[in-house]
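The structure appears below as structure tokens.
A short reminder: the numbers here are calculations on the coordinates, not readings from a lab. From a predicted model like this one, the values you see are computed outputs, not experimental measurements. Glycine gets a Cβ as well: all are built from the backbone with ideal geometry, and neighbour counts include every protein chain shown.
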Amino acid sequence: MDKTQLFRKIFLPIFLIIPFFISLSCSGKNDMSKQPVSTNDTLRTYTNPLSNITNIGDPYILKANNMYYMYATSSDMGFKVWQSSNLIDWAEKGLALNKNDASNQWGNGNFWAPEVKFYNNKYYMSYSAVSPNGKMKIRIARSDSPLGPFINWCEPFFQSDDFSYIDSDIFIDTDKVYLYFVKDCSTNILNGKHISQICAAQLDTDLKGIIGTPQMILSPDQTWEGITQEWQWNEGPYVIKNNNLYYLLYSANVYNSQDYSVGYATATSPLGNWTKSTDNPILKKDIALKVSGPGHCCITTSPDDKEFFIVYHTHTFFEAPSGNRNLCIDRLNFNRSKITVAGPTRTPEPLPSGIPYRIISKN
């Protein structure tokens, strides 16, 4: 082998490789110096409570037009609204109902427990607030959009009596509409005890008046509801129909107690007779997880409508329960005539079905 052949066989490949490594090294350094820092990440789970939303109570979620809207006891001025595309990550969108709107001008405080239903191409919000006579009364407001503004639609219900009424729920059952509400224990005194009772009535088709006489359908009568106490509660009604059976979810015990919990009753017609489940409560405190006072719930579905979720609040401060509460959701199942809840949870849970992942900020 002559010198030319030896050079080509041994040294030439080396000379060709060296520039490649030099280029790769320099290129890597340049790329690292110019590499943008990612500010986002993806997750396939969620963890309660959601979105760092605190200082609320009585959350209600409306699913409409492939979006979710959450309303809650949240402001002395009325009701805030939050919006989400995945049921997990929420953005505040301002006041859905403002008591100072020129078309409203009603309510002297205690704006409590809003719920919104879609009916006859409009959005109707039922809520309670302090009326001019100092008692809590229920009113319905209307809007063209889930975000509001909601403007009072009817006059306050039960204006002529001295009782307080709270926690209203509009239930639409084919061609009839019903109003479920609470005769509040602040003014409802029975045999010397202050007792909150759940009542129901059919509404006119325009949602402005009640047909007939309201009926009392639930009263505290199960041990877990504190029936030996001087003050007792059945409140926060929410009605849903599943497989031709009506379910009424409700809360018992005082709102700022760790023992605030959720139970349910069933009936074959909207006005009852209603029978409470012997499995109550189906959602209650978990001391090991530091979950206090889960309650005042509603039900919604996953984006693909394949899963049910219970929406509820818990106390923000486990050791000091108060009106400062947060937003939680957990899976709920209908099994024949029974309801079960996979919660309360504080561990990462799979995202609602129909949401493959969520994008979150690392900042």
The one condition LEU207 fails out of (1) of a type in the set (A, V, I, L, M, F, W, C); (2) over 24 Å from ILE240 (Cβ atoms); (3) in contact (Cβ under 8 Å) with a residue 60 or more places away in the chain is (2)
Checking the structure you have, find out if any residue of the stretch 82-101 is within 19 Å of ASP169 (Cβ to Cβ) and in contact (Cβ under 8 Å) with a residue 40 or more places away in the chain. yes
Residue satisfying all of: in the stretch 290-314; within 10 Å of the chain's Cα centre (by Cα) and within 10 Å of LEU332 (Cα to Cα); surrounded by the most Cβ atoms within 10 Å (Cβ to Cβ) among these: ILE310
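In the stretch 303-318, what count of residues is obtained for those that are under 15 Å from ILE240 (Cβ atoms) and part of a loop (DSSP other than H, G, I, E, B)? Please lay out each step first, then the result.
Initially, the stretch 303-318 is screened for residues under 15 Å from ILE240 (Cβ atoms), giving 305, 307-312.
Next cut, part of a loop (DSSP other than H, G, I, E, B) only: 305, 307.
The qualifying residues number 2.
Please find, among PRO321, PRO356, PRO352, the residue that is under 16 Å from the mean Cα position of the chain (by Cα) and not in a strand (DSSP E or B).
Details: PRO321 fails: under 16 Å from the mean Cα position of the chain (by Cα); PRO356 fails: under 16 Å from the mean Cα position of the chain (by Cα).
Every option except PRO352 fails the conditions.
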Inside the stretch 221-232, can you point out the residues that are surrounded by 14 or more Cβ atoms within 10 Å (Cβ to Cβ) and either in contact with a Phe, Trp or Tyr (Cβ under 8 Å, 6 or more places away or on another chain) or assigned to a helix (DSSP H, G or I) (or both)? TRP224, GLU225, GLY226
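Against the definition (aromatic (Phe, Trp, Tyr) and closer than 24 Å to ASN133 by Cβ), how does TYR178 come out, yes or no? It would help to see each step written out before you state the result.
Working: aromatic (Phe, Trp, Tyr): yes; closer than 24 Å to ASN133 by Cβ: no.
In short, no.
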Taking the residues in the stretch 181-210 that are polar (S, T, N, Q) and in a loop (DSSP other than H, G, I, E, B) as candidates, determine which candidate is farthest from CYS297 (Cα to Cα). ASN191
Looking at this structure, is LYS183 surrounded by 21 or more Cβ atoms within 10 Å (Cβ to Cβ) and in contact with a Phe, Trp or Tyr (Cβ under 8 Å, 6 or more places away or on another chain)? yes
